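Written out below as structure tokens is the structure these notes cover.
Quick note: the coordinates plus some simple rules give every number you see, no bench work behind them. What you see is a predicted model; the values in this text were computed from it and never measured. Note that we place each Cβ from the backbone using ideal geometry, even for glycine, and neighbour counts take in every protein chain shown.
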Amino acid sequence: MTLDEILPDLRRQSVDVRHAETGLWAASMLRDRISAGQLAPGAKLSEEPLCEVLGVSRNTLREAFATLAREHVVTRIPNRGVFVTRPTADDIREIYRVRRFLEPAALTWSTDYTTDALHAAIARARSAHTDGSVPGMASANQDFHAGVVALTGSDRLNAQMTQVLAEMRLVFHSMVADPLFHAPYIDDNAIILAKFEAGERSEAAALMVDYLRRAEQQLLEAHARARAATRHPLAQTGAQRAYGTR
């Protein structure tokens, strides 16, 4: 989706919701749209329409942009404007470095045993797989991993995971809409959850480490192929069919 396409939704939400720290609120509104996959890498975030629909000043919006830039979710290009970030291979490595600290630790040390949200995420992923919906599988998978960190009961860790998942969505945009990437991880999530619920926390954490290693490698390989396709335009269509938007 483009910025123009999400402006009506932003306008509707901003009518009912305001935050005392308006810059942080505006940042969260934009981050949520990026996390939901509504703004793709490279999308320009124009100040005038955003200020109008959010009901904020340019200075406040620029505060929001600065927050998102620190999170590597947007990039300011001098004399051109602010754009949703296009992740690099180094960004992918850093994202997974953070995830390897957050998620296995959550499985190992959390004190919350309420796993209804995790079961629901797996059920949504299976339904999306049946329907052939790659975005549905991706979103449900994001929800599962957010739910793993939420088991810690830590607002700070949840905020960190929200940022990481917003960056992950940008990575997914650069991959092909290939259900074969997502589908195997649905069963992996179910196995990890079963180990956790059985009290086999170390085993669940070890499985998560391997899961993240495999996903990182696949994404790095697909990122390299996508870059090669842009360097060789005649090969781009075929590469996009094989490695597009995950």
Review point. Which residue, chosen from Ser57, Ala224, Val164, occupies the Cα position most advanced towards the positive end of the dipole of the chain, where the dipole is computed from +1 (Lys, Arg) and -1 (Asp, Glu) charges on Cβ about the Cα centre?
Key: Ala224
Revision key, fill the gap. Toy charge model, Lys and Arg Cβ at +1, Asp and Glu Cβ at -1: the chain dipole around Cα centroid in debye, rounded to 20, equals 800 debye
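So what's the back-of-envelope 222 nm ellipticity for the chain, counting only DSSP H runs of four-plus at -39500 (n - 2.57) apiece and dividing by all residues, rounded to 500?
So the helix-based figure for the chain works out to -24500 deg cm²/dmol.
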Check your understanding: Once the Cα atoms of helix 3-16 and of the chain are each reduced to a long axis, what angle between those two axes, in degrees from 0 to 90 to the nearest 10, is obtained?
Key -> 90 degrees
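Which of rounded, prolate or oblate describes the chain when judged by the alpha-carbon gyration tensor and an a/c cut-off of 1.5?
Working: a/c = 1.86, a/b = 1.26, b/c = 1.48.
The shape class here is oblate.
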**Study point:** Cα-centred dipole magnitude for region 3-84, charges only on beta-carbon of K, R (+1) and D, E (-1), debye, nearest 20
**Key:** 220 debye
Check your understanding: What does the highest-first list of 137-145, 188-196, 40-48 look like by mean Cβ count within 10 Å?
Key -> 137-145, 188-196, 40-48
Exercise for review: Please report, in debye to the nearest 20, how large the charge dipole of region 64-208 is about its Cα centre when each Lys and Arg carries +1 at its beta carbon and each Asp and Glu carries -1 there.
Suggested key: 580 debye
Check your understanding: From the phi of every residue in region 44-49, what ³J(HN,Hα) in whole Hz does the Karplus formula 6.51 cos²θ - 1.76 cosθ + 1.60 yield, where θ is phi - 60° and glycine or proline is x?
Key -> 7, 9, 6, 5, 4, x
Check your understanding: How far is helix 201-231 tilted, in degrees, relative to the longest principal axis of the Cα atoms in the chain, given as a value from 0 to 90 rounded to the nearest 10?
Key -> 50 degrees
Review point. What are the residues whose amide H is under 5 Å from the amide H of Gly81, where those residues sit 5 or more places off or on another chain and H is modelled from the backbone?
Key: none
Review point. Where q = 0.09, 0.10 Å⁻¹, what log10 of I(q)/I(0) comes from the Debye formula for region 89-221, counting one point per Cα?
Key: -0.23, -0.28
Check your understanding: Which residue fluctuates the most in the chain, going by a Gaussian network model with Cα springs under 10 Å, if the choices are Leu118, Leu30, Leu180?
Key -> Leu180
Study note, to complete from the structure: Diffing region 152-164: the Karplus 3J(HN,Hα) column from phi (6.51, -1.76, 1.60, θ = phi - 60°), in whole Hz with x for Gly and Pro, holds 6, x, 9, 4, 5, 5, 4, 5, 4, 5, 4, 5, 4
Study note, to complete from the structure: Under 5 Å from the placed amide H of Ala43, counting only residues 5+ away or on other chains, we find Val84
